[in-house]
Structure formats: structure tokens, C-alpha cells
């Protein structure tokens with residue numbers, strides 16, 4: 001909470017990243033959430049308190065870069081949750097970027 005308060009004191013937005021165990025405790029302090037691969041591990045539902053609080057969830061997927069059908073299913077799931085999601089290469093080499101929200 002100290003980090004969130006300090007960031008806010010300096011006019012900065014701050015996110016909770018990949019820390020699903022503390023979502024309930026910190027959703028009121030964070031401005032948004034960033035998560036990698038919750039779709040893959042079937043744990044995206046743990047981030048819904050951010051959506052319920054009117055705060056964005058930004059999701060990164062690494063599985064569906066070469067799988068258009070899987071990417072479409074993934075995007076439908078992300079859309080149903082209200083998340084914004086990008087599919088990126090695991091190497092983060094900018095060789096592709098597919099957005100579910102274009």
C-alpha cells in the first residue's frame with residue numbers, strides 16, 4: 001500500500017501486476033491491473049474485482065500468435081470479461097502484435 005500511496009502522491013498511476021493473491025486487498029489502491037497468461041492458467045476470474053470497480057485489466061497472451069482460431073476464442077473470452085488483451089511473441093521481439101480490441 002505504501003508503493004501505491006507514494007505513486008499517487010506523485011501524480012502517478014500504478015498497477016497491480018500478476019499478483020492475483022492480493023487482488024481483493026489491493027483493488028481499491030491500484031488504478032488498473034496488468035496480467036500475463038491468466039487465460040492460459042484459467043485464473044482470469046480472479047481479476048474481475050478490477051472490472052467491478054470500474055478499473056481496466058490489461059492482459060498479455062503468448063499462446064495464440066500462430067493460432068487464429070485459438071486467438072479468436074481467447075478474444076471472445078477476454079471480451080466477455082471486459083479485459084483488453086494483446087497477443088505478443090514470448091521473445092517480445094515485436095515480430096507481431098495482435099489486439100483483441102481493434
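Looking only at the stretch 49-78, count every residue that is under 23 Å from residue 8 (Cβ atoms) and in contact with a strand residue (DSSP E or B) (Cβ under 8 Å, 6 or more places away or on another chain) and tell me the total.
Qualifying residue count for the region: 6.
Residue-wise test of (1) over 16 Å from residue 35 (Cβ atoms); (2) touching a helix residue (DSSP H, G or I) at 6+ places or on another chain (Cβ under 9 Å); (3) at pLDDT 95 or above.
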site: 50; (1), (2), (3): no, yes, yes
site: 54; (1), (2), (3): yes, no, yes
site: 60; (1), (2), (3): no, no, yes
site: 75; (1), (2), (3): no, no, yes
site: 79; (1), (2), (3): no, no, yes
site: 82; (1), (2), (3): no, yes, yes
site: 89; (1), (2), (3): yes, no, yes
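Only one of 102, 93 is farther than 20 Å from residue 18 by Cα and modelled with pLDDT of 95 or more; which?
From the options 102, 93, the qualifying one is 93.
The values are calculated or read from the model by the stated rules, or taken from the named source; none is laboratory data. Keep in mind that what you see is a predicted model, and the values were worked out from it rather than measured. All Cβ positions, even for glycine, are placed from backbone atoms using ideal geometry, and neighbour counts span all protein chains on display.
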